[in-house]
Amino acid sequence: MSKILIIMSAADTWERTDGSSYPTGYWAEELAAPHQKFVEAGHQVDFASPGGVLQPLDRHSADPEIAGADCARHVEHASTALREFGSPLPLHEIDISGYAAVLLPGGHGPVVDLHQDAELGRLLIRADELGKIIGAVCHGPAGLLSAIDPAGGWRFAGRRMAAFTDEEEQLFGTAEGAPWLLASRLRERGAKHEGGPAYEAHTVRDGNLLTGQNPASSGPLADAMLDALG
């Protein structure tokens with residue numbers, strides 16, 4: 001049995017360019033589907049976040065018209081898993097050497113805090129140095145942007161990856177007013193972003209880095225991470 005770390009955002013609002021605040025939180029499927037697969041495969045799963053803050057549920061992920069008919073099952077699994085685990089571990093207390101893999105799920109929170117969290121950056125750089133499996137899905141890849149080395153270089157520049165696309169952000173209705181769009185920002189920083197059809201499962205593996213495009217990619221990404229763990 002290995003240990004897998006799921007790192008959540010701590011953000012509950014996304015400030016827009018027009019001054020409004022958009023409520024956010026963790027996306028149920030992106031947390032629940034991987035957690036269930038990891039546990040069923042026999043792994044121990046820990047949760048961590050900036051400051052050990054427990055992020056709320058993104059209510060959009062509990063709406064069947066948005067998140068699909070199966071969303072209630074994901075909401076229940078995620079809430080049960082988080083309740084049973086207790087307070088997330090603070091990022092600054094994490095020793096990544098004790099984990100086989102790390103996963104960054106989405107919701108819009110990562111574009112609020114994780115993209116510039118120095119503790120997360122330290123953790124991800126160390127995880128990559130050790131060859132740990134690093135997974136991120138939907139807006140989770142925003143957290144990869146935090147991995148800036150002392151010379152100012154981005155650890156994941158030149159790497160192939162998937163993430164929530166600009167097209168999907170537009171279709172979801174959150175592109176207008178967004179301070180920046182994730183896929184575009186990843187490309188600007190030097191990532192080789194590879195997008196698939198909107199809202200269809202799409203995953204990309206580049207060595208120890210595995211990424212998924214959207215909520216539908218959550219389960220397939222978890223499967224790919226388990227395959228990578230052997």
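The values are calculated or read from the model by the stated rules, or taken from the named source; none is laboratory data. Source: prediction; values computed, not measured. These area figures cover heavy atoms from the full protein model, side chains too; ligands, DNA and RNA do not enter into them. Shrake-Rupley method; radii C 1.70, N 1.55, O 1.52, S 1.80 Å.
Things worth noting here:
- Taking all protein chains as they are arranged and a probe of 1.4 Å, the heavy atoms of Lys132 leave approximately 40 Å² accessible to solvent.
- Shape category assigned to region 18-58 from the gyration tensor of Cα positions, a/c cut at 1.5: oblate
- The spacing between region 80-125 and region 133-181, judged by their C-alpha centroids, is 15 Å.
- Contact order relative to length of region 58-182, as percent, for alpha carbon pairs under 8 angstrom and 6 or more apart: 20
- Shape category assigned to the chain from the gyration tensor of Cα positions, a/c cut at 1.5: rounded
- Accessible-area ranking of Trp14, Trp180, largest first, probe 1.4 Å: Trp180, Trp14
- Leu181 accessible area, assembled protein chains, probe 1.4 Å, Å²: 40
- Candidate residues Leu103, Leu171: accessible-area rank, largest first, probe 1.4 Å: Leu171, Leu103
- With eigenvalues of the C-alpha gyration tensor scaled by 5 and rooted, region 121-196, Å: 24, 13, 11
- Exposure ranking of Tyr22, Tyr199, Tyr99 by accessible area [1.4 Å probe, largest first]: Tyr199, Tyr22, Tyr99
- Percentage relative contact order, the chain, counting C-alpha pairs under 8 Å, at least six apart: 21
- Per residue accessible area of region 17-97, 1.4 Å probe, in Å²: 48
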